[in-house]
Amino acid sequence: MTRIAVLQMTSGIDPGVNAAALTEAIGRAAEGGAAMLFTPEMSGLLDRDRARAAPHIVDEASDPVLAAVREAASRAGIWVALGSIAVRGDS
């Protein structure tokens, strides 16, 4: 049977802090034998102030949270399902 992990976290307005929480959770999940970690929606940034959030919303290739999660998941050898992240689209 495949083991999964589910992260409960309080995302905030600092993507760096959120990325650190996510990468730590990825490591813990892998150490616990999980093959996959599921995270809540808006794991990378949760900010009701659109003006304050705007500088942190970048395209997928530039998103530091996504890059950190990809790196940590690759290093740990597990899959991660990010609930959702805010990224800037083409239009």
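Quick note: the coordinates plus some simple rules give every number you see, no bench work behind them. All values derive from a computational prediction rather than experimental measurement. For neighbour counting, all protein chains shown are included, and Cβ atoms are generated from backbone atoms with ideal geometry for every residue, glycine included.
The angle between the Cα long axis of helix 15-31 and the longest principal axis of the Cα atoms of the chain comes to about 10 degrees, rounded to the nearest 10. As a check on your grasp of the helix formula, calculate [θ] at 222 nm for the chain: sum -39500 (n - 2.57) over DSSP H runs of n ≥ 4, divide by the residue count, round to the nearest 500. Result for the chain: -11500 deg cm²/dmol, rounded to the nearest 500. Can you find, among Ile78, Ser62, Ala25, the residue sitting farthest towards the positive end of the charge dipole of the stretch 18-91, where Lys and Arg contribute +1 and Asp and Glu -1 at Cβ? Most positive-ward Cα: Ala25. Residues whose amide H falls under 5 Å from that of Trp79, counting only those 5 or more places apart or on a different chain, are Met36, Leu37, with hydrogens built in the peptide plane.
Between the amide H of Ile4 and those of Ala35, distances stay under 5 Å, these residues lying 5 or more places away or on another chain, with hydrogens modeled in the peptide plane. The long axis of helix 64-76 is offset from the longest Cα principal axis of the chain by roughly 10 degrees.
Taking the square roots of five times each eigenvalue of the Cα gyration tensor of the stretch 4-81, the equivalent ellipsoid has semi-axes of 23, 13, 9 Å, listed largest first.
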